[in-house]
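Asker: For reference, the structure I am asking about is given below.
Read the figures in this text as sums done on the coordinates, not as results from a lab. It should be emphasised that the depicted structure is a prediction, and the values quoted were computed from it without experimental measurement. Note: ideal-geometry Cβ built from the backbone for every residue, glycine included; neighbour counts use all protein chains shown.
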C-alpha cells in the first residue's frame, strides 16, 4: 500500500528544538554498554499493562554533535500518554567511536537489552516496534536482519517478533546515499560506512535489505523529504514475508512527521498508534 498526504509544514526548528510537547522525566535510564552514550530512556505509561513497547532511534546523519536522543523525547512522551511504553536510545556516531562497526555494536547491544526486557511483566513483547527517524531508520531495520560473518560485527541472529516504523529515513544506503546526503547537507553515508560503494562494496552488500532477509512482521515507511523506498528493496521485503506500507507526506518537513502537535503528525497519529498497538 502506498499513499500520499498533503499537509502544511509547521514552523519547527532543527531536530525538534521548537517541539510542541515538553518531554516527561524518564522512569529509568538504562545502560547497555560502558561508554558514555550507551544509555536509553525508559518511559512507562500509567495504568495497568502490559503495554506495547516502542524502541526509538534518533537521527543526526550519524555525525557526533548534530543530535542525540533528546529530540525524540517529545514523541516518546506523547506515546507514553497514549499507553505505549518507549525506550529512547542513544548511540555512538562518527566522531565518538561510531560508524562502521561501532554504531552497529551499540545497536546489537540494544537488541540484547530488549531481549532482557522480555522478562518484565509491564511490557507486551508481542507488540514490539523498532522506530527510526532519519539516520535511525538503519538500526530500526538492521536489528531484525540476520548477518553473516561479513557483517559489521560478524555473524549475528536477528531480533525477531518486531515490527518497524521508519520516519523519513533511508531504506538501502547504496541506493539512497545521494538523497540522504542532500538532506544532511554534507556527505554522511561515506564516513559512516568507511568508504564509498565503489571502495567498500562488501560493506554495503552486508547490510543491504535486498541481500539479507528481514525478520520484521510489518514495516511502515512514513516519508517526507526523502523518496519512498525503491521497488527492488520493497520487493525483497515482501518476498521475505514482510508486510510493507508507504505513506508519503510531500507537504511536510523532515521533523513534522515526528513532532507531536505538528499538522503532519496529527494527521498521521491514528495510523501510527494503531501500528504500535497492533490493532
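Asker: Report the extension gain between residue 235 and residue 118 in nm, rounded to one decimal, defined as 0.36 nm multiplied by the number of residues separating them, less their alpha carbon distance. Mind dumping the intermediate values first?
Answerer: Values: separation 117, 0.36 × 117 = 42.12 nm, distance 3.13 nm.
Length gained between residue 235 and residue 118: 39.0 nm.
Asker: Let me ask something additional. Once the piece of chain linking residue 273 and residue 245 is laid out straight, how much longer is it, given 0.36 nm per residue of separation minus the C-alpha distance between them? Before the final figure, lay out the partial values.
Answerer: Numbers: separation 28, 0.36 × 28 = 10.08 nm, distance 1.49 nm.
Contour length minus the Cα-Cα distance gives 8.6 nm.
Asker: If you don't mind, there's one more thing I want to ask. Kindly provide the helix-only [θ] at 222 nm of the chain, computed as the sum of -39,500 (n - 2.57) over DSSP H runs of four or more divided by all residues, to the nearest 500 deg cm²/dmol? Walk me through the numbers before you get to the answer.
Answerer: On the way: 8 runs with 77 residues, N = 279.
Taking each H run of at least 4 residues, the total per residue is -8000 deg cm²/dmol.
Asker: Tell me the label-point distance for the pair residue 178, residue 125, using the 7 Å Cα-to-Cβ offset, in nm and rounded to one decimal.
Answerer: Taking the two extended label points, one gets 4.3 nm.
Asker: So how do 134, 103 line up by other beta-carbon neighbours within 10 Å, fewest first?
Answerer: Numbers: 134 29, 103 22.
Ordered by Cβ neighbours within 10 Å, fewest first: 103, 134.
Asker: Another question about this same structure. Most exposed first by the Cβ proxy, i.e. fewest other Cβ within 10 Å, how do 64, 77, 259 rank? List each step's numbers first, then the result.
Answerer: Values: 64 16, 77 22, 259 25.
So the residues, fewest neighbours to most, are 64, 77, 259.
Asker: Right, here's the next one. Give me the percent relative contact order of the stretch 2-277, please, defined on Cα pairs under 8 angstrom at least 6 residues apart.
Answerer: Working: 609 pairs, mean separation 63.4, N = 276.
Here the relative contact order equals 23 percent.
Asker: Expressed in nm to one decimal, what extension gain is obtained for the pair residue 185 and residue 25 from 0.36 nm per residue of sequence separation less their Cα-Cα distance? It would help to have the intermediate numbers written out before the result.
Answerer: Details: separation 160, 0.36 × 160 = 57.60 nm, distance 3.27 nm.
Full-extension gain reported as 54.3 nm.
Asker: Taking the number of other C-beta atoms within 10 Å as the exposure measure, put 198, 256 in order starting with the fewest.
Answerer: 198, 256
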